[in-house]
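See below for the structure under consideration.
The values are calculated or read from the model by the stated rules, or taken from the named source; none is laboratory data. Predicted, not measured: the structure shown is a model, and the values here were computed from it. When we count neighbours, we look across all protein chains shown, and the Cβ atoms used for this are built from the backbone with ideal geometry, even at glycine. Remember, those area values only see protein heavy atoms, side chains included, never the ligands or the DNA or RNA. Shrake-Rupley method; radii C 1.70, N 1.55, O 1.52, S 1.80 Å.
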Amino acid sequence: MISTFKSSDKNSNSISRIYAIAAARVKMSLSYKSSYLITLFLNLVTITMYFFFSKLNPDMEIFGISASYFEFVFIGLALQFIVGTSLATVNGSIYNEIISGTWSSLLLHFNFAEYAIGTTLAGTFLASFSIFISLGVSYAFFGFSLSVSGIQIALICLLFLLILLSHMVISMLFAAFTIFYQKNSGIVPLLYQLTKTFSGIVFPIALLSGFPTVLSRTIPLTYGLEALHNVILSENIQWEVIQRNCLVLIGFIFCIGVLSFFFVSKSIKHSKKHNKVDWY
Amino acid sequence: MNFPQTPSNVTQQFANENDSVSFYSGLKAVFIRNFKILWQYKLTIIVGFINTLIAASLFYYIALLVPQNTIEQDGYIVSSISFIFAGAMLVDISTKILMKSMNSFTSEMRQGTFETLSCLPFGLKRYFLSEITFEVIYGLLISIVKYIPVFLIFPLFIGFNISWSSLLTILLLLICVLIFFFSLSLLAANFTILVKRGREISMVVVGLIHLLSGSLFPLDLFPEWLRVIAYFSPMTIAVRACRLCLFGNGAITSAIVWIAIIALLVSSALIIVLFNFTYKKIYNRIREKGTVHEF
């Protein structure tokens, strides 16, 4: 039976396996329609809350940002929806597979990298609807208007990809813990809370001083968001800022990526050796 | 003990809570069991402290964005930090009670222990009352403890004086808020066992309460139609009344305060009536359909 599965796997390539995982995850998530719709609704509530807060007219010029507060916060919140998903997806999905007893079967057909990319793509695809709906609502009702050129779109895509990957590798690192101990560490929600507060999503990081500044500089989203604000909100793109922040993100992805692959392979070997792949 | 002969006899026996321990003993058992469970998750309590501190930091830095760092409402001008913290803390503490209650029922259903609890002679209704009483008391105490480091770190209420009458009025308001969330949790528990979506129900309610109560901004910023809708939530006027007592020397005689107290008590009473009205129907329905712990 195992050889049958293995021979069928040989007929497929990595891309089709990633696609299979992503498609399965999307179908599964959409079968929980109420949960998905509630997430969309809550994201809209968050945007609306900050829209009304922006009516207090916070002055962004003093932080060197030539945009309104709502334009500033919208970019951060839109990214927050995606980052939350990419941060939680790999680790959370593996935890659910272990509980459901399907993790051993997945390991037989897919390798860890394919699984991580597939689940993150599915999560991002679903979360992106929140952004488009929020964007539509903001254009229609909140007087939000933002125009971007071709070069800005290319830079946004590049930064978006780097931000996505940097949070995916963090989730992979926590997945190593989950696979090894077969329980959730509970650190991911804490990390998400830290990211939400100290990466400059709802206020400029120029407000921070002392230890919070150091903390914010350890969070990859800080660099991604700084570059994105520069691309979208600045009249003249500061290439050196974008270049520097992209390099930081690439370095982060490489270092954490290597670490996570190392720890995950150790964890998988350990669970196979002790015959508790999906034991819970 | 008389053993029931038909399914309706079984339902009747459980509904009448025959052969059950007293409510006090059951309540004590629920408290002891929940404390033992909580003790197993010590790390979660520590993480909760850090999470509260991080969330407080978020509110603090947002407050610094407000021009001149002051906000005006109901005739008083106050620091934006104090204004935002007063609203956000009240909403945060009270909504956590609802979230905790719903999460506990959802966990029981997910783990398959809900069926046993609902079929005990103690009775599902008394179990709801015991569980929610625990969550209200525990939620309140743990929130107060978790906010102590926040008070020590951030300059939240520096340089403001409060009279004894305002302080006593705030305590009265807090009791009314707790009664309101107790009754809301009871009603939400009813719908949780019917639709099996406790977490989702509480998330929607909490999201709307956060938006409509104006925890981050004065309600004058809402358009007229939204302000009318906002006042349908008793928490909106409760937050406004609490702020008035804290910053504007409001007391029980202030119109906003007594309207808030009446709104909270009347809505609590209505919710309890609705809970009683729907409880038996929902209980019978889930037993007849055999969906007690379906998730």
- May I ask which of B:Lys28/B:Lys289; B:Lys28/B:Lys100; A:Lys196/A:Lys266; A:Lys266/B:Lys196; A:Lys27/A:Lys55; A:Lys196/B:Lys36 have a Cα-Cα span longer than 28 Å here? B:Lys28/B:Lys289; A:Lys196/A:Lys266; A:Lys266/B:Lys196; A:Lys27/A:Lys55; A:Lys196/B:Lys36
- Message: Keeping all protein chains in the complex and leaving out DNA, RNA and ligands, what accessible area do you get for B:Lys280 with a 1.4 Å probe, in Å² to the nearest 10?
- Response: 120
- Message: From the gyration tensor of the Cα coordinates in chain A, what semi-axes in whole Å does the equivalent ellipsoid have, largest first, with each one equal to sqrt(5λ)?
- Response: 36, 20, 18
- Message: Please check region B:163-201 for residues whose accessible area, probe 1.4 Å, is lower by 20 Å² or more when all protein chains are in place than in their chain alone.
- Response: B:Arg197, B:Glu200
- For the Cα atoms of chain A, what angle does the longest principal axis make with the long axis of helix A:112-141, in degrees from 0 to 90, nearest 10? 30
- Task: For chain A, find the longest principal axis of its Cα atoms and tell me its angle to the long axis of helix A:187-198, 0 to 90°, nearest 10.
- Result: 10
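Quick check: with the 1.4 Å probe, what order do A:Leu37, A:Leu30 take by accessible area, largest first?
A:Leu37, A:Leu30
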- For the pair A and B, the solvent-accessible area buried on both sides (1.4 Å probe; DNA, RNA and ligands excluded), in Å² to the nearest hundred, is 2800
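Counting alpha carbon pairs within less than 8 Å and at least 6 residues apart, what relative contact order, in whole percent, applies to chain A?
Result for chain A is 26 percent.
For region A:1-116, what's the relative contact order in percent, using C-alpha pairs closer than 8 Å and at least 6 residues apart? Walk me through the numbers on the way to the answer.
On the way: 33 pairs, mean separation 40.3, N = 116.
Answer for region A:1-116 is 35 percent.
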- Item | Accessible area per residue in Å² at 1.4 Å probe, computed on region A:163-280 | 48
- Item | Members of region B:31-61 that become less accessible by 30 Å² or more once partner protein chains are added (1.4 angstrom probe, chain alone as reference) | B:Val47, B:Asn51, B:Ile54, B:Leu58, B:Tyr61
- Solvent-accessible heavy-atom area per residue, rounded to whole Å², over region A:88-133 at 1.4 Å: 36
- Task: Mind ranking B:Glu200, A:Glu235 by accessible surface for me, highest first, 1.4 Å probe?
- Result: A:Glu235, B:Glu200
- Note on the structure: In whole percent, the fraction of accessible protein surface over region A:61-150 that belongs to carbon or sulfur atoms, probe radius 1.4 Å, stands at 67
- Return the loop-located trypsin sites (Lys or Arg not before Pro) in region A:200-280 (DSSP other than H, G, I, E, B) with at most 16 other Cβ atoms within 10 Å of their own Cβ; answer none if there are none. A:Arg217, A:Lys276
- Item | Spatial separation of Cα centroids for region A:171-238 and region B:67-107, in angstrom | 24
- Is it possible to state the helix-based mean residue ellipticity at 222 nm for chain B, with each DSSP H run of 4+ residues giving -39500 (n - 2.57), the sum divided by total residues, to the nearest 500 deg cm²/dmol? What is it? -26000 deg cm²/dmol
- Task: Can you send over the solvent-accessible area of B:Glu135, 1.4 Å probe, protein chains only, in Å² to the nearest 10?
- Result: 20
- So what is the calculated 222 nm ellipticity per residue for chain A, using -39500 (n - 2.57) for each DSSP H run with n of 4 or more, over all residues, to the nearest 500 deg cm²/dmol? -26500 deg cm²/dmol
- First check a/c for the protein assembly as shown, with a ≥ b ≥ c the square roots of the eigenvalues of its C-alpha gyration tensor; if it is under 1.5, answer rounded, and if not, answer prolate when a/b is larger than b/c or oblate otherwise. oblate
- Calculate, for region B:72-134, the solvent-accessible area per residue in square angstrom, rolling a 1.4 angstrom probe over the heavy atoms of the protein chains. 31
- Mean Kyte-Doolittle of at least -0.5 and a Cα length of 15 Å or more along the axis: which whole DSSP H helices of chain B meet both? B:23-40, B:42-63, B:80-111, B:124-153, B:164-195, B:198-212, B:234-247, B:255-289
